[in-house]
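As structure tokens, the structure follows; a few thoughts come after it.
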């Protein structure tokens, strides 16, 4: 990819995925309110938050290169599960996911001058039933407090605890990078 973009995210996983895809980018982050109207669908919620992140940068700096933002949410039994607030919350979240299938939805928003592109990617993840000891070990060792759903698929719990995924693995990491690269090529 030749065109440089701005990544409106401080996520180390999103940075890593763009580096792997050899996308030229710089990181610019603005503290953004991640609240959303209650009437939005789950996919609309993820896109809404990503749009707020992208527009915070785009409106402040008026860049002439594309601004890419993303937001990942986890949905289990129609409940949006965000990032855990502490160790106890992380343990409770993973207990909710244990033995069940949930959705990981990443909303993507790209702003390039006057053009706006948005989409959401959905991956279904099924966890094995996990013991309390496994859950406590994972939370204690990996401290997944900055991750929606309180886990990272590329860590121990993904190797041991995930039975199957249906969809884009990298979407679960935080960015459907294959689809993002295709959209960015269309902008070039």
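The values are calculated or read from the model by the stated rules, or taken from the named source; none is laboratory data. Here the structure is a predicted model, which means the values were calculated and not measured. Backbone-built Cβ (ideal geometry, glycine too); neighbour counts: all protein chains shown.
Table for the structure above
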{"read-out": "Residue in segment 128-158 that is modelled with the lowest pLDDT, counting only those that are assigned to a helix (DSSP H, G or I) and surrounded by 21 or more Cβ atoms within 10 Å (Cβ to Cβ)", "value": "148"}
{"read-out": "Residue 83 outside any helix (DSSP H, G or I) and in contact with a helix residue (DSSP H, G or I) (Cβ under 9 Å, 6 or more places away or on another chain)", "value": "yes"}
{"read-out": "Residue in segment 104-127 that is part of a loop (DSSP other than H, G, I, E, B) and buried (at least 16 other Cβ atoms within 10 Å of the Cβ) present", "value": "no"}
{"read-out": "Residue match in segment 1-20 (condition: under 30 Å from residue 160 (Cβ atoms), surrounded by fewer than 18 Cβ atoms within 10 Å (Cβ to Cβ) and touching a helix residue (DSSP H, G or I) at 6+ places or on another chain (Cβ under 9 Å))", "value": "yes"}
{"read-out": "Which listed residue, of 73, 49, is assigned to a helix (DSSP H, G or I) and under 21 Å from residue 149 (Cβ atoms)", "value": "49"}
{"read-out": "So residue 78, is it farther than 30 Å from residue 57 by Cβ and modelled with pLDDT under 95", "value": "yes"}
{"read-out": "Selection status of residue 34, in contact with a helix residue (DSSP H, G or I) (Cβ under 6 Å, 6 or more places away or on another chain) and without any contact (Cβ under 8 Å) to a residue 60 or more places away in the chain", "value": "yes"}
{"read-out": "Cβ-Cβ under 6 Å pairs, at least 6 apart or on other chains, segment 15-31 side farther than 20 Å from residue 170 by Cα, far side assigned to a loop (DSSP other than H, G, I, E, B) and modelled with pLDDT under 95", "value": "29/10"}
{"read-out": "Only listed residue being at pLDDT 95 or above and out of contact with any helix residue (DSSP H, G or I) (no Cβ under 8 Å at 6 or more places or on another chain), chosen from 99, 161, 107", "value": "99"}
{"read-out": "Qualifying positions in segment 53-86 - out of contact with any strand residue (DSSP E or B) (no Cβ under 7 Å at 6 or more places or on another chain), surrounded by 15 or more Cβ atoms within 10 Å (Cβ to Cβ) and farther than 22 Å from residue 103 by Cα", "value": "56"}
{"read-out": "Of all residues in segment 2-14 being part of a loop (DSSP other than H, G, I, E, B) and in contact with a strand residue (DSSP E or B) (Cβ under 9 Å, 6 or more places away or on another chain), the one that is farthest from residue 174 (Cα to Cα)", "value": "4"}
